[in-house]
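This is the structure I want to talk about, given as structure tokens.
All of the numbers you see were taken from the coordinates with simple rules; none came from a lab. Being a predicted model, the structure only gives us computed values, none of them experimental. Here Cβ is always computed from backbone atoms with ideal geometry, including for glycine, and neighbour counts include all displayed protein chains.
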Amino acid sequence: MKTSAVVIEKYGDSSVFNDQIVDIPELKSKQLLLKVAGSSVAPFDISVREGVFKDDLSLDMPAITGTDVVGTIVNKGAAVDQFEIGDVVCGMVGVKGFGAYSDYAILGQSKAAKVPKSMAIQDAAVLPMTAIPAYNTLFDLGKLVSGKKVLIHGGAGGVGSMAIQLAKNAGAEVYTTASPRSIEDLKKLGADKVLDYHTEKFEEVLSNLDLVVDTVGHDTYKHSFEVLKPGGRLVSLVESPDEELAEKYSVHAMYLSGKFDNPLSKVVKLVSEGKVKLHIQKEFPLNAHGVKDAQDYYENNHVFGKVALIK
């Protein structure tokens, strides 16, 4: 079986995308074959295209990229026991798998969540890459519970805006950093206090926090140690743990990694119930031209939330 797909034949800028007809690999026993309805653009997808991870995650060219996926199951492996053909599901496609920028995509059963009819396809298309890291960071590594205080850096981003809502739903006191244009939007998402990183130094305003979620890195990461209480946790999505600073401030420093139970179904439920909202700033068609334009748009504009790719 063949499919039309958006592929890259080399690493580079967005001009490397082109449409090709490619073979669909044979399904493994616990994999789902999806007729793709949508995907998204995340910073990770752009980095993959540029070859940022090529030393550790070298792609076999031509490669189909794209991580977020939503679609209808049209075939399934022999050992799939949680889903049926015809189900609409969303999830994260493996980096070296058969990516989402295609008419068909392959998704592991363990990485999928069923999408209820009450949930918009656009929301399902942009959810996994924000929901999964946000949840893992807050709860699996951050051990966040009701009544705790958390600072989430980069609140306007996809992961940041999701983390704010998940933390608030869990009963936490939520602080975040952002530019002035996003302050009111982040308050509407539930942030108790939004700090303008242009004019306020968070390390001079906040203290005695239980958890910091870092999506920014660099000096922001280093100063984050200063606002934690002894025994607090700093989880970064972009920086390796600084053990020296962790020891100095008597806190736990972690990088988002490891294997956790898939939390996607829990977040899908929150979205379908209206308890978590997704902001899609712009939509593009899911073809080579659309993927190029969408990634260019993401790189060259201030994006609050996500950019979607829809069939």
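If you take the Cα atoms of segment 1-121, find Rg, then find the Kirkwood Rh from the mean of 1/r over all pairs, what is Rg/Rh?
When Rh is taken as the Kirkwood radius, the ratio is 0.97.
With a Förster radius of 41 Å, plug the Cβ-Cβ distance of Ser240 and Ile85 into 1/(1 + (r/R0)^6) and report the FRET value to the nearest 0.05. Write down the numbers at each step before the final one.
Working: r = 43 Å, r/R0 = 1.04.
Efficiency, from the Cβ-Cβ distance: 0.45.
Here's another thing I want to ask about it. So if I place +1 on the C-beta of Lys and Arg and -1 on the C-beta of Asp and Glu, and nothing else carries charge, what would the dipole magnitude of segment 130-255 be about its Cα centre? I want it in debye, nearest 20.
Values: 13 positive and 18 negative charges, 99 e Å.
Computed about the Cα centre, the dipole is about 480 debye.
Next question. Residue by residue, what Karplus-based ³J(HN,Hα) values in Hz, rounded to whole numbers, does segment 256-263 have, using 6.51, -1.76 and 1.60 with θ = phi - 60° and x for Gly and Pro?
5, 7, x, 9, 10, 4, 5, x
Taking the alpha carbon gyration tensor of the chain, what are the square roots of 5 times its eigenvalues, largest first, to the nearest whole Å? Walk me through the numbers on the way to the answer.
Values: eigenvalues 227, 83, 68 Å².
Three semi-axes, in Å: 34, 20, 18.
Quick query: amide H of Val69 versus all other amide H atoms, modeled in the peptide plane; which residues come in under 5 Å with a sequence gap of 5 or more or a different chain?
Gly91, Val93
Sticking with this one: Considering amide H positions built from the backbone, and no H for Pro or chain starts, which residues 5 or more places from Ala112, or on another chain, come under 5 Å of its amide H?
The answer is none.
Taking every Cα atom in segment 130-255, find the radius of gyration and the maximum pairwise distance Dmax, and write them in Å.
Both quantities, over Cα of segment 130-255: 12.8, 37 Å.
Oh, and also: For Ser4, project a label point 7 Å along Cα to C-beta. Then give me every residue of segment 91-114 with its amide nitrogen under 17 Å of that point.
100-105
While we're here: Please list, in chain and number order, the residues 5+ apart from Tyr255 or on another chain whose amide H is under 5 Å from its amide H, with Hs placed from the backbone.
Sorted by chain and number, the residues that satisfy this are Ser236.
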